[in-house]
Amino acid sequence: MQELTNDYLVEAIEDSRPFASSGNVNMIIPEYDETIRDYLGVTIITTDGECFAAGDNDKFIPMQSTSKIIGLMLALQDFGKERVFQTVGMEPMGDFFNSISQLESYDTSKPFNPMINAGAIAVSALIKGQTVDKRFNRYMDFLRKVTNNEQLEMSEEVYEAEKANGARNRSLAYFMQSTGTLVTDVEEALDLYFRMNSVMMCCHDFARVGLFLAKGGLDLETGEKLIPSHHLRTVKAIMMTSGMYNSSGHYAVEAGFPCKSGVSGSIIGSSPGRMGIGVVGPAIDKKGNSTAGGALIKKLSQDLELNMFGIENTERKNEDGI
Ligand code: GLN
């Protein structure tokens, strides 16, 4: 097995960076343009507390859909698994992440899963708080504890762009109101969703979220358990089956550990018991996943033997007579 070092990560970044050329930068995001197409950065934090980083790991980008796992954790805390999955399904979906037709095809009363836009908007309606401000503050408090980063903030520019380009998400939300899936204030659910998407993070912050999932949901500074293990299991299983949208099957095979991507080119990876991985690579494919970042995740899985279904590791060891 490859030893995890900063030098190894530098090499892995250079191997994966060329894959950026097959993707496109999402121009809706402020400050996103052709000049950042080839950016690629990674941070890995092991459950032993070692930290490795390479490439453009200091670049701050919006969370976009990686926020969906934080939102799901809060909704699970607030309402429990049964109630959350009465509102949203837990099945993977073959359509694009912002698909409308799926809202009629699967189950007229709920979206497929919490990792697609409709599902995440329905989940954001389940985050408790009297006002959107209070609900978003709870989100930020939780995220700052998980990442141990008090400095995290939402970008006003990104938030404005999300609202200005939110026609599809509004359609999804109002459709869900018409079917009775969204019973609370639609505009509030959308506003919270737009804000959660607009929080700026770098590779270290994304890696900390992955580490949080990999290491039992603890506040690593205080040792406090922030979320029960049964909710973590649920979140990781949903990431595995739906976190990379309609490429999730591919990533289950080729990476083999829970991941969540966002259209900013962010990826959170969580190798249970081993490490959290944060990747930034702004060029994305048609399905919304970072092309260079995805290549890097798959390479890391192979080289560091992160595939949870890694029976082949045992077989190879046996061949070696170990
Ligand atoms: N802001 C994006 C949207 O709502 C987030 C989706 C994503 O990252 N896939 O369309």
Would you mind telling me which numbered condition in (1) within 21 Å of the chain's Cα centre (by Cα); (2) in contact (Cβ under 8 Å) with a residue 60 or more places away in the chain Glu153 fails? (2)
Among Ile268, Ile277, which is within 16 Å of the ligand (Cβ to nearest atom) and open to solvent by less than 10 Å² (accessible area, probe 1.4 Å)? Ile268
State which residue is least open to solvent (accessible area, probe 1.4 Å) when the search covers only region 33-71 and only residues that are under 13 Å from Leu296 (Cβ atoms), not in a strand (DSSP E or B) and not acidic (Asp, Glu). Leu40
Does Gly23 satisfy the condition of being open to solvent by 10 Å² or more (accessible area, probe 1.4 Å) and either more than 17 Å from the chain's Cα centre (by Cα) or β-branched (Val, Ile, Thr) (or both)? no
Consider region 251-269. How many of its residues are assigned to a helix (DSSP H, G or I) and touching a Gly at 6+ places or on another chain (Cβ under 9 Å)? 2
Over region 149-169, the set of residues open to solvent by 90 Å² or more (accessible area, probe 1.4 Å) and within 10 Å of the ligand (Cβ to nearest atom) is Arg168
Please go through region 170-187 and pick out each residue that is more than 16 Å from the ligand (Cβ to nearest atom) and either acidic (Asp, Glu) or open to solvent by 30 Å² or more (accessible area, probe 1.4 Å) (or both). Gln177, Ser178, Thr179, Gly180, Val183, Thr184, Asp185
First in region 169-183 and without any contact (Cβ under 8 Å) to a residue 60 or more places away in the chain, second anywhere and part of a loop (DSSP other than H, G, I, E, B) and more than 16 Å from the ligand (Cβ to nearest atom), Cβ under 9 Å, 6 or more apart: Gln177/Val183
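The values are calculated or read from the model by the stated rules, or taken from the named source; none is laboratory data. What you are looking at is a predicted structure, and each value in this text was computed from that prediction instead of being measured. All Cβ positions, glycine included, derive from the backbone under ideal geometry; neighbour counts span all protein chains shown. Note: areas computed on protein heavy atoms with side chains; ligands, DNA, RNA excluded. Shrake-Rupley method; radii C 1.70, N 1.55, O 1.52, S 1.80 Å.
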